[in-house]
Amino acid sequence: MTYPTRTFDLPDLTGLSKEQITAHLALYEGYVKHTNLIMEKIAKLKDEDAAGNPYLINELRRRLGFEFDGMRMHEYYFEQLEGGAAPAQSSSSLTTLATEKYGSFEGLVQHVKEVAGTRGIGWTVLYFDPQGNTLHTAWVSDHELGQLSGLPILFAIDMWEHAYMVDYLPKEKMHYVDAFLANLNWSVVEKRMQEAA
């Protein structure tokens, strides 16, 4: 299996320059390239001498989580910017759960901003927990470590500096978060919620 580099139909984004998006997409392309490369290398090492190459294969498998999760998290990220900004629907199950947990949909957005303000690099991720019928927002420092196990991802904000350093300094990262949220197509998030429920 070879993963394709996806293309995303992104409009002009308020507060996120074309230069920033181009640089970020190039980083995503690297994750796809290295995901495929690692899978090719593992297959080749197994074909050549599986018994003689277990350490190399095991180390490549460890690295695969980093590359694969980097690829997939960026796909979540860019998908939710396609189609232009769109507000959440007041009648959606996402809005209902947000209101139950955070008092209002705006309460969810404020909580997301609070989590996004965590010092360091990583991801701010909104999950749906079907067993608890609730939402969780988490800080994930490394995309291959710290994900909430088994929970569908509803949206992800890339908080690594590569996501905003063309447009914002590290001390301005909350301006980036505001720009991201202003461009978020909540209908993509709501569709993910429907598919997960």
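When the charge dipole of the chain is built from unit charges on Cβ atoms (+1 for Lys and Arg, -1 for Asp and Glu) and taken about the Cα centre, the candidate among Phe78, Ala43, Leu126 whose Cα reaches farthest toward its positive end is Ala43.
Exceedance of the 31 Å cut-off in Cα-Cα distance is limited, within the set Lys33/Lys191; Lys18/Lys41; Lys44/Lys191; Lys18/Lys46; Lys44/Lys173, to Lys18/Lys41; Lys44/Lys191; Lys18/Lys46; Lys44/Lys173.
Quick one: net charge around Tyr164, please, counting Lys, Arg +1 and Asp, Glu -1 for every other residue with C-beta under 9 Å from its C-beta. Residues close to Tyr164 contribute a combined charge of -3. Of the options [x] 1.46; [y] 1.54; [z] 1.11, only one is Cα Rg over 2.2 N^0.38 Å as computed from these coordinates, and that is [z]. Compared with the dominant Cα axis of the chain, that is its longest principal axis, helix 105-116 is turned about 40°. About its Cα centre, the chain has a charge dipole of approximately 280 debye under the convention of +1 per Lys or Arg Cβ and -1 per Asp or Glu Cβ, with nothing else charged. In sequence order, segment 152-160 has phi-based couplings of x, 7, 8, 7, 9, 10, 6, 10, 6 Hz under the Karplus curve 6.51 cos²θ - 1.76 cosθ + 1.60, θ = phi - 60°, and Gly or Pro positions carry x. Calculated FRET efficiency, Glu114 to Ser149, Cβ-Cβ distance, R0 = 22 Å: about 0.45 to the nearest 0.05. A cut-off of 5 Å between modelled amide H atoms, ignoring neighbours fewer than 5 places along the same chain, links Thr134 with Asp129. Can you tell me the 0 to 90 degree angle between the C-alpha axis of helix 93-102 and the longest principal axis of the chain, rounded to 10? Rounded to the nearest ten degrees, it is 80.
Between Thr7 and Glu48, 0.36 nm times their residue separation minus their Cα-Cα distance comes to what?
Contour length minus Cα-Cα distance gives 11.3 nm.
Counting only Cβ charges, +1 for Lys and Arg and -1 for Asp and Glu, the dipole size of segment 18-79 around its Cα centre is about 100 debye.
Taking Cβ atoms as reference points and 12 Å as the exclusive limit, the residues near Leu60 contribute a net charge of +3, counting Lys and Arg as +1 and Asp and Glu as -1.
Only helical DSSP H runs with n ≥ 4 go in: add -39500 (n - 2.57) per run for the chain, normalise by residue count and round the 222 nm mean residue ellipticity to 500 deg cm²/dmol. Walk me through the intermediate numbers first.
On the way: 6 runs with 102 residues, N = 197.
That calculation yields -17500 deg cm²/dmol at 222 nm.
Here each label is just a point 7 Å from Cα along the line to Cβ, and for Glu59 and Asp129 those points are 3.9 nm apart. Between 0 and 90 degrees, the angle of helix 173-183 with respect to the longest Cα principal axis of the chain falls at about 80 degrees.
Each reported figure results from applying straightforward, stated rules to the coordinates on display, with no laboratory input. Values in this document were obtained by computation on a predicted structure and should not be read as measured data. Virtual Cβ from ideal backbone geometry, glycine too; neighbours counted across all protein chains shown.
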